[in-house]
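Enquirer: If you scroll down you'll find the structure; I have some questions about it.
The values are calculated or read from the model by the stated rules, or taken from the named source; none is laboratory data. Small disclaimer: the values here were computed from a predicted structure and weren't measured. Using ideal geometry, Cβ is built from the backbone for each residue, glycine included, and neighbour counts are taken over all protein chains shown. Just so you know, the surface numbers come from the protein's heavy atoms only, side chains and all, with ligands and any DNA or RNA stripped out. Shrake-Rupley method; radii C 1.70, N 1.55, O 1.52, S 1.80 Å.
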Amino acid sequence: MNIRVFRTPSDAGIYAASMLERVITSLERPVIGLATGETVIPVYDALVNFVRCGLNVSHVTTINLDEYVGLAPDHPQSYHQFMNEHLFSRIGIRMQSTHLPNGVAPDLAAECERYNEVIRNHPIDMQVLGIGVNGHIGFNEPSHALITGTHVVNLTPETIAMNARFFSRKEDVPRQAITMGIQSILQAKQIMLLAFGEHKADIIYRALKDGIRTDVPASILQLHKDVTVILDRQSAARLGL
Ligand code: GLP
């Protein structure tokens, strides 16, 4: 794994956006896998700046990792809204070129199949990942077994508690999500994993240095041949670099 440590999340975001730019400019039909969460905001901010300075994204397809079950695309806390607010509306990408699971699909099993088909038809060139404090990637939560394809997941109490900060009432925090599976993530040609802040230092150590375990889903990334880990000094603190 290529590990890069930056002074600030915004420096790291510029580096990550440059990696995306390389993929976007070198391929005829680039497919970028996207993540949500605070971590990726500096990446999207930098990418927006690149677009304002002339980067063309009209040929890009995006595929997001996950969405909450029960939140419609126009719900303010949905990942659809997050993506519109932080990236899509700011770069003027055609909405037909963006893909997210539908958290209010009447048949969730069929929705998972539809999403697997989207991923099959658009092999991901570069996947952007954050990491949960419990080691989840997308919403692949710690478990005795990791699921390969898109699936509905019961979020862990830890994840529900972390997500509660975005909702005004605790009872509104979704208990389930639809997430891309581990195999789909590993099939991306390149992966970048980002983490910032001292609250991520422990899980970054466990994910990168402590063997591969299904109760630390991100540790499976050690098997992938092209992963760049983008950290700040705080999240890298336990790596002994
Ligand atoms: C959510 C998302 C993950 C993300 C994680 C970390 O659970 N499903 O894709 O990596 O949160 O979020 P943050 O970047 O806000 O710490």
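Enquirer: Any idea what the relative contact order of region 135-183 is, in percent, if you count C-alpha pairs under 8 Å spaced at least 6 apart?
Expert: 51 percent
Enquirer: Which cross-chain or sequence-distant (5 or more) residues have an amide H under 5 Å from the amide H of Gln127, H modelled 1.01 Å from N in plane?
Expert: Counting only residues 5 or more places away or on other chains, the set is Gly33, Gln190, Ile191, Met192.
Enquirer: Once amide H atoms are built 1.01 Å from N in the peptide plane, which residues 5 or more positions from Val229, or in another chain, come under 5 Å H to H?
Expert: Asn2, Ile3, Arg4, Leu193
Enquirer: How large is ³J(HN,Hα), in whole Hz, for each residue of region 30-45 in order, when computed from phi with the Karplus curve 6.51 cos²θ - 1.76 cosθ + 1.60 and θ = phi - 60°, using x for Gly and Pro?
Expert: For region 30-45, the Karplus curve yields x, 10, 10, x, 10, 10, 10, x, 4, 4, 7, 4, x, 5, 5, 4 Hz.
Enquirer: May I ask you to give the percent of accessible area on region 1-153 that is carbon plus sulfur, with a probe radius of 1.4 Å? Walk me through the numbers on the way to the answer.
Expert: Values: 3410 of 6610 Å².
That share works out to 52 percent.
Enquirer: Please work out the average accessible area per residue across region 104-227, using the 1.4 Å probe convention, and give it in Å².
Expert: Counting only protein heavy atoms, the per-residue value for region 104-227 is 46 Å².
Enquirer: I would also like to ask the following. Please check: in the Gaussian network model of the chain (C-alpha springs, under 10 Å), which one of Ser26, Ser168, Ser89 has the largest mean-square fluctuation.
Expert: Its mean-square fluctuation being the largest, the pick is Ser168.
Enquirer: Sequence-distant or interchain residues sharing an amide H contact under 5 Å with Phe139, placed H: which?
Expert: Placed amide hydrogens put Met180 under 5 Å from Phe139.
Enquirer: Then there's this: Assign unit charges at the C-beta atoms only (+1 for Lys and Arg, -1 for Asp and Glu), then state the dipole size of the chain relative to its Cα centre in Debye, rounded to the nearest 20.
Expert: 580 debye
Enquirer: OK, next. Have a look at His144, His86, His75 and tell me which one the Gaussian network model of the chain (Cα, springs below 10 Å) gives the largest fluctuation.
Expert: Evaluated over the chain, the most mobile residue of the options is His144.
Enquirer: Can I ask one more? With a cut-off of 19 Å, note down the residues of region 107-148 whose backbone N falls inside the zone around a label point 7 Å from the Cα of Lys225 toward its beta carbon.
Expert: 123-127
Enquirer: Pop a pseudo-label 7 angstrom from the Cα along the beta-carbon direction at both Thr25 and Glu171 and give the gap in nm to one decimal.
Expert: Using points 7 Å along Cα→Cβ, the separation is 5.3 nm.
Enquirer: Of Asn56, Asn84, Asn121, which has the largest mean-square fluctuation in a 10 Å C-alpha GNM of the chain?
Expert: It is Asn121.
Enquirer: When a/c is below 1.5 the answer is rounded, else prolate if a/b is larger than b/c, else oblate, so apply that to the chain with a ≥ b ≥ c taken from the square roots of the Cα gyration tensor eigenvalues.
Expert: Rounded, because the longest to shortest axis ratio a/c is under 1.5.
Enquirer: Per DSSP H run of n ≥ 4, the term is -39500 (n - 2.57); total these for the chain, divide by its residue number, and report the mean residue ellipticity at 222 nm rounded to 500 deg cm²/dmol. List each step's numbers first, then the result.
Expert: On the way: 7 runs with 70 residues, N = 241.
Here the helix-only value at 222 nm equals -8500 deg cm²/dmol.
Enquirer: At a 1.4 Å probe radius, which order do Leu239, Leu194 fall into by accessible area, largest first?
Expert: Solvent-accessible surface, decreasing: Leu239, Leu194.
Enquirer: With θ taken as phi - 60° and the coefficients 6.51, -1.76 and 1.60, list the Karplus ³J(HN,Hα) couplings across region 185-202 in order, rounded to whole Hz; mark glycine and proline as x.
Expert: Per-residue couplings from phi come out as 5, 5, 7, 4, 5, 10, 10, 10, 10, 10, 7, 10, x, 5, 5, 9, 4, 5 Hz.
Enquirer: Residue by residue through region 158-165, which ³J(HN,Hα) values in whole Hz follow from phi under the Karplus form 6.51 cos²θ - 1.76 cosθ + 1.60 (θ = phi - 60°), with glycine and proline marked x?
Expert: Per-residue couplings from phi come out as 5, 5, 4, 5, 5, 6, 4, 5 Hz.
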